[in-house]
Amino acid sequence: MGKKMSEKLKVNQVGYLSDADKIFMVEGADSFTKFNVLEMSSNAVVFEGELGSVIDDANSGHKIRQGDFSCLNKLGLYYVEVLGLGVSYSFRIADDVYRDTLRDVVRSYGLQRSNTLIDDPITGLKVDFGHKQDATARLYFSDEYHQKDTILDVSGGWYDAGDYGKYIPPAATTIAQLLLAYELRPESFVKGQVDFPFSVSDEDKNLPDLLVECKFELEWMLKMQRPDGAVYHKVAGRTWPAMDTTPEDDTQQRYIYGMSTYGTAQYTGALAMAARVYKPFNPAFAEELLASAELAQKYLAGNPSPFFRNDPGQGDGSGPYDKYTDVEDRVWALAELFRTTQKQEYHEALVSLYKDELTSSPGCIAWGNSLPLGQWAYFLSDGAEQDLKDKIANQYKLFAEKALERMRIDGYKNILESKDYTWASAKSGLAYANNLLFANYMAANDDYVKGALEQLHNVLGRSATGYSYLSGVGSKPARNLHHRLYESKSVYIPGYLVGGPNKFGGDPDLDSFLEKERPAPALSYLDVTGSWSSNEYAIDYNAPLVFMLAHFA
């Protein structure tokens, strides 16, 4: 290309759909007005345009101009040049431009497997059955069913994040979003979509690859249930492993910690949904899932007050994921059970106890908020009351219109407010955007779909920092993840969404950066291994990305 690359030009570094809007941003472009789009191989100008007016972007502190080349729909590889400033990273225009990204993100879950022999020729990752000791984990406390140090088999499942813990709340909300993506866009998920770096059982070979992965996590979740239906909270060691510790070398005793009504309710919702999804493929497994979900709901019905067990030392070597409310999760549990079973007892309980919550403003899906999952399940349920469905749809319309208004004044068309640049802001942007997709399903509006797609552009490089927050994807992706597999195996795995800008800090590296540089909220990010509050991956970060990519890949 032979032209000066400018970090001030922000594009989606993967690319744009041929029939979609194509916007890029120019930072500090007060004196520049014209731009060209050039074909990569020939450097031929294929589009000429003028930048829009200056936007004072509060969340980045940048003066932004936007360039629009939406009418360019010829498939190919391109770059943008702002005359007098420089050129952008390259990007594609294609109808399937996000297909490989979806594959990488789905594939990343398999590389997070515990207790699995992994030999991956693509990334070079090799793991020799990490944490075999999960098959003989010890209960950290005594309860009505087991004495302290009772041995239980809780092997299987995905490592939650950059550590080696396994946690029910993010597992449940992750599974839900992945399965919801499959329910709404099954054509986006097929057999052979990813190359599994491990053996797949004969029973599972008929499943789409995404459902193979989800089944592995669900089988672990089933092991976390108590005889009365309550669900234990997490599995981890007593101390944090050093960053260079491999799964095989982390041989410390593993423990089962905690129990909560909110985690039990989320478990209920996830398994009730899964029973519906797996029934055509594996009826016996679906029956097991539903029976477990109904047992969990029986426990919840008999224990109506929120409860979170937190014993001393429980968080010394793993994340807390503590929450002391559970209403939104009970809504999800009942709505999902009603949708799957059509049993009126679940509908009556939901409407009599939680009608106001069911029809309230959704927020975004997170381990701390499963309400949108419950609203969506109820909205799609046969036999749902039309009045309640209308109220839910109205809440999503209100949410969508407010979100679009925020995007209109944000220089990067970002859906986040200043307060939202906290832990997992990249995930939150996508989760909020998925509410726009929900709203579009409830009442079709192309502006909602366009608004959702703008958030995908942000995490794939059209961001204030210029980073793609998805490892291995784009020209400037996050590289130095806070991730023990990455550090201990010296293997760079594509498809991990990191937390993104976090103006509140939370680790020494980011705290120091915030104190010294005082960056704007959208710039409060470090691509360094030590920054677990901005540069760590987690399974629930990827989940809304899978949901979104399923709609556009």
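All of the numbers you see were taken from the coordinates with simple rules; none came from a lab. A quick note: this is a predicted structure, and the numbers were derived from the prediction, not measured. Note: ideal-geometry Cβ built from the backbone for every residue, glycine included; neighbour counts use all protein chains shown.
A few remarks follow.
- Cβ crowding within 10 Å averaged over residues, with 522-532, 260-270 ranked highest first: 260-270, 522-532
- Most to least packed among 354-363, 508-517, 231-240, 111-120 [average Cβ atoms within 10 Å]: 231-240, 111-120, 354-363, 508-517
- Listed residue pairs exceeding 22 Å between alpha carbons, taken from Lys132/Lys279; Lys419/Lys516; Lys234/Lys419; Lys223/Lys355; Lys323/Lys413; Lys234/Lys279: Lys132/Lys279; Lys234/Lys419; Lys223/Lys355; Lys323/Lys413; Lys234/Lys279
- Rel. contact order, % - alpha carbon contacts under 8 angstrom, at least six apart, the chain: 16 percent
- Judged by the ratio a/c of the largest to the smallest principal axis of the C-alpha gyration tensor, segment 84-225 counts as prolate, that ratio being 1.5 or greater while a/b is larger than b/c.
- Pairwise centroid distance, computed over Cα atoms, of segment 294-370 with segment 489-533, Å: 32 Å
- Remark: segment 207-221, residue by residue, has Karplus-estimated 3J(HN,Hα) of 8, x, 4, 4, 6, 4, 5, 4, 4, 4, 6, 4, 4, 5, 4 Hz, where x stands for each Gly or Pro and the curve is 6.51 cos²θ - 1.76 cosθ + 1.60 at θ = phi - 60°.
- In the chain, helices alone account for a calculated mean residue ellipticity at 222 nm of -12000 deg cm²/dmol, with every DSSP H run of four or more residues adding -39,500 (n - 2.57).
- DSSP bridge pairs, segment 9-93: antiparallel proportion in percent, nearest 5: 90 percent
- Relative counts (whole %) of C-alpha pair distances in the chain, using bins that are 10 Å wide: 4, 18, 28, 27, 16, 6, 1, 0
- Measuring between their Cα centroids, segment 190-226 and segment 380-412 lie 34 Å from each other.
- Global form of segment 9-93, assessed from the alpha-carbon gyration tensor, a/c cut-off 1.5: prolate
- Net length gained if the chain between Leu117 and Lys148 were fully extended (0.36 nm per residue, minus Cα distance): 8.1 nm
- Antiparallel content of DSSP bridges confined to the chain, in %, to 5: 85 percent
- Calculated FRET value between Asp249 and Lys298, using beta carbons and R₀ = 45 Å, to 0.05: 0.60
- Dipole check for segment 1-111: with +1 at the C-beta of Lys and Arg, -1 at the C-beta of Asp and Glu, and the Cα centre as origin, the magnitude is about 300 Debye.
- Cut-off under 5 Å, modelled amide H: who pairs with Gly499 long-range: Asn535, Glu536
- Whether segment 98-178 is rounded, prolate or oblate, judged on the alpha carbon gyration tensor where a/c under 1.5 counts as rounded: oblate
- In straight-distance terms, cross-link reach from Lys427 covers every one of the aspartates and glutamates whose alpha-carbon lies under 13 Å from its own, apart from those fewer than eight places away in the same chain; here that gives Glu536, Asp540.
- Segment 506-553: relative contact order as a whole-number percent, Cα under 8 Å and 6+ apart: 36 percent
- A simple rule links phi to the HN-Hα coupling: the Karplus curve 6.51 cos²θ - 1.76 cosθ + 1.60 with θ = phi - 60°, which for segment 503-513 gives 6, 8, x, x, 9, x, 5, 5, 4, 5, 4 Hz, with x for Gly and Pro.
- The phi-based Karplus calculation (6.51 cos²θ - 1.76 cosθ + 1.60; θ = phi - 60°) puts the 3J(HN,Hα) values of segment 327-341 at 4, 4, 6, 5, 4, 4, 4, 5, 5, 6, 5, 5, 4, 6, 9 Hz, whole numbers, x for Gly and Pro.
- Cut-off under 5 Å, modelled amide H: who pairs with Leu117 long-range: Phe129
- Whole-Å distance, taken between Cα centres, linking segment 460-478 and segment 430-458: 21 Å
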